[in-house]
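What follows is one structure encoded as structure tokens, with my remarks underneath.
Just so it is clear, none of the values below were taken in a lab; they were calculated from the coordinates. Bear in mind the structure is a predicted one, so any value in this text is a computation, not a measurement. In this analysis, Cβ positions are derived from the backbone assuming ideal geometry, glycine residues included, and neighbour counts consider all displayed protein chains.
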Amino acid sequence: MNLLIKRRQLILATLVVALGAAVFVNWYYTGNNSTIQSPEQTTESDYVQNLGEAKYVNASGEEADYFSEVKLNRQKSRDEALDKLNKSLEKAKSGSDEAKEITKSIDELTAQIKLESDVEALISAKLASECVAVINEKSAQIVVSKDSLSDDATLQIIDVITTNTELTADKIKITESK
């Protein structure tokens with residue numbers, strides 16, 4: 001019993017020392033600034049020091065706004081559709097045919113959302129640029145950043161879509177943003 005208590009105390013003391021060392025290293029490498037600035041007081045040069053800050057690499061401001069706006073509008077419309085389906089599901093009787101159809105619609109919509117986001121992520125990774133994918137059971141339309149479309153990029157996009165969907169290459173339309 002006495003040995004068990006000492007072992008726990010030793011482990012606890014080791015963890016406390018490790019935590020203290022981590023706090024010191026963090027304080028040391030972040031510049032040990034003792035003043036706290038409000039967001040209004042920060043300058044652009046302050047943001048340069050923030051490691052891991054998200055930045056658009058290959059997209060101009062206007063083009064980045066286009067992709068952000070399209071994705072935001074798509075997300076809003078999908079959220080509205082899911083809300084309507086969920087409200088209908090709440091009103092439907094449990095186990096009824098209507099409830100089963102609504103559940104099926106929700107599953108199909110979430111599968112489509114996942115498919116489009118997966119395809120967008122894969123294409124963006126391969127091209128190192130922004131893209132938007134609109135995929136349904138009959139076709140796929142992909143919009144990529146300006147100056148990022150080449151023959152090789154087109155083949156990579158077609159490969160990603162044909163691998164992840166049942167669509168053939170003739171059902172895929174790829175365009176560049178303006």
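Tabulated data
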| quantity | calculated |
| --- | --- |
| Projected label distance in nm at residue 26 and residue 156, using a 7 Å step from Cα toward the beta-carbon | 3.7 nm |
| Difference of contour (0.36 nm per residue) and Cα-Cα distance, residue 139 to residue 75 | 21.0 nm |
| Sites residue 7 and residue 121 - FRET efficiency at Förster radius 30 Å, r taken between beta-carbons, to 0.05 | 0.05 |
| Convex hull per residue volume in Å³, alpha carbons only, for segment 61-176 | 97 Å³ |
| Loop GluC sites (Glu not before Pro), segment 64-157 (other Cβ atoms within 10 Å of the site Cβ: 13 or fewer; DSSP) | 137 |
